[in-house]
Amino acid sequence: MKRSEINKAISTSKDFFEKNGWVLPPNPKWDITDFGLGDFDKIGLVLINFAEEVEYCEKLFLKVGDKSGRNSDVGRG
């Protein structure tokens, strides 16, 4: 993914989470992926790491698009 696509996904996700009552930490760790398929708008996933400790982690996922991400969907038009 291009950096501009990643930045757009982060910005859009921040807006979505805030509109839905999630309070994000000041500097969350973001993971943005299109699973190497080049189509974030259909199969993208946003992951925010709220906490990463040895015995505890807290993450929030946002599925983007209309694909389920199941293997049977990959490569089918």
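What to note about this one:
- Glu5 being at pLDDT 90 or above and in contact with a helix residue (DSSP H, G or I) (Cβ under 9 Å, 6 or more places away or on another chain): yes
- Matching residues, segment 40-59, being part of a loop (DSSP other than H, G, I, E, B) and exposed (fewer than 14 other Cβ atoms within 10 Å of the Cβ): Glu53, Val54, Glu55, Tyr56
- Hey, Phe16 of a type outside the set (Asp, Glu), on the phi > 0 side of the Ramachandran plot, in contact with a strand residue (DSSP E or B) (Cβ under 8 Å, 6 or more places away or on another chain) and at pLDDT 90 or above or not: no
The values are calculated or read from the model by the stated rules, or taken from the named source; none is laboratory data. Being a predicted model, the structure only gives us computed values, none of them experimental. Note: ideal-geometry Cβ built from the backbone for every residue, glycine included; neighbour counts use all protein chains shown.
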